[in-house]
Amino acid sequence: MKTNKLLVSILLLACVLFSACAPAPIQAPPPTLISSTATSIPSTSTSIVALKVTSTLDGVTTLPHRIQWEAKPVDPNHQVTGVTFLIDGQLAWVEHKAPYFYGDDDNYLVTSFLTPGEHSFMVRVFTIKGQSIDSTIVKASVSAAPSPPEGLANTSWTRYQTAADVAKATSDLPGHPGQIGLTIDSVGWMFHDPDAGGLLIDVAYPSDGEVELRAAIEKPPYPNQYGGAFCVEPDPPILWSYTLSNGGKTLTLHPVTNDPCGDRLGAFEGTWTRNGN
């Protein structure tokens, strides 16, 4: 028995030293084959819709005195970074955020600055990748703007804007006292401030002795030094009365209803003196 135990011990030691008795490796089972007829999993990716753009002038052949011009990009992937409006190939307005209106949100394209006849109108959309796409070019005709009433047509006026006038301002840019001017023609009313700036205002004459003061006229090239607003873009339309006296040499303006824009109130209300004869 001792001899057998010694032999077993020697054999075990040899197994450890020479790995002669190491167990055979376990074989992994062969892989299971998937039938080629198995149904594939559908892709979860969505197709990218092409960027397109239309505008509210599409299909229009004749433009009125004023019309809202809105660019409408089809932008499902949020690619648009800006929209430009071109008139006769010239940059006329730029918008960076929707809604994309010419002249700012809810404003109008006023055609009084255009010569009678046909003109071209187009919008161009820019994307985050630096690409651009154009709308269909619209060819539309405009008529000559109506002339202002007798006594106002092709006239220019001045008055002194006082500190009290400036104090009526409701915006955060009230201006300052000084000589101001007003030029009236078929395009609109051009207001001149003391700093040689100003606004070109769209107007209408609903009845004798009345004028509706509207928002600024935005005309190319962009940016125009005579664009903007007295208070907010666009300034609201307000009915004013006008009176000519002293043989047509004095013009007096007053709002018929409350004008919420104190800056416009301080600029226009009061007595104006006609320049020249």
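Quick note: the coordinates plus some simple rules give every number you see, no bench work behind them. Since the structure is predicted, the reported quantities are computational estimates derived from the model, not experimental observations. Counting neighbours? That spans all protein chains shown, and the Cβs are built from the backbone with ideal geometry, glycine included.
Using R0 = 41 Å, the C-beta based FRET efficiency linking SER207 and GLN90 works out to 0.70.
As a proxy for reagent exposure, PHE191, PHE113 were ordered by neighbouring Cβ count within 10 angstrom, fewest first; the result is PHE113, PHE191. For the pair ASP134 and THR62, a Förster radius of 25 Å applied to the C-beta separation gives a FRET efficiency near 0.65, rounded to the nearest 0.05.
Each eigenvalue of the Cα gyration tensor of segment 52-142, multiplied by 5 and square-rooted, gives one semi-axis; in descending order these are 23, 13, 11 Å. The residues CYS261, CYS231, when put in order of fewest to most other Cβ atoms within 10 Å, stand as CYS231, CYS261.
Here the Karplus curve 6.51 cos²θ - 1.76 cosθ + 1.60, taken at θ = phi - 60°, turns the phi angles of segment 260-271 into couplings of x, 8, x, 5, 5, 4, x, 7, 9, 5, x, 10 Hz, with x standing for Gly and Pro. When only alpha carbons are used to place a centre, segment 237-277 and segment 191-228 end up 14 Å from one another.
Residue exposure proxy: LEU173, LEU239, LEU63, ordered by other Cβ atoms within 10 angstrom of their Cβ from fewest to most, comes out as LEU173, LEU239, LEU63.
Checked against a 27 Å cut-off, the cross-linked pairs LYS97/LYS129; LYS52/LYS139; LYS72/LYS168; LYS139/LYS219 give Cα-Cα distances beyond that limit for LYS72/LYS168.
Taking the average, over residues, of other Cβ atoms within 10 Å as the packing measure, peptides 78-85, 193-200 rank 78-85, 193-200 from highest down.
Each residue of segment 64-81 was assigned a 3J(HN,Hα) from its phi angle through the Karplus curve 6.51 cos²θ - 1.76 cosθ + 1.60 (θ = phi - 60°); the sequence is x, 4, 8, 7, 6, 10, 10, 7, 10, x, 8, 10, x, 10, 6, 9, 6, 10 Hz, with glycine and proline shown as x.
In this structure, the amide hydrogen of GLY82, modeled 1.01 Å from its nitrogen in the peptide plane, lies closer than 5 angstrom to those of PHE126, counting only residues at least 5 positions away or on a different chain.
Taken about its Cα centre, segment 52-142 carries a charge dipole of about 200 debye when Lys and Arg each add +1 at the Cβ and Asp and Glu each add -1 at the Cβ. When the label point is put 7 Å from the Cα of THR252 along its Cα-to-beta-carbon vector, which residues of segment 197-225 have a backbone N closer than 18 Å? Counting only backbone N, you get 208-211.
Quick note on segment 155-274: its Rg to Rh ratio, both from C-alpha atoms and Rh being the Kirkwood radius, is 0.93.
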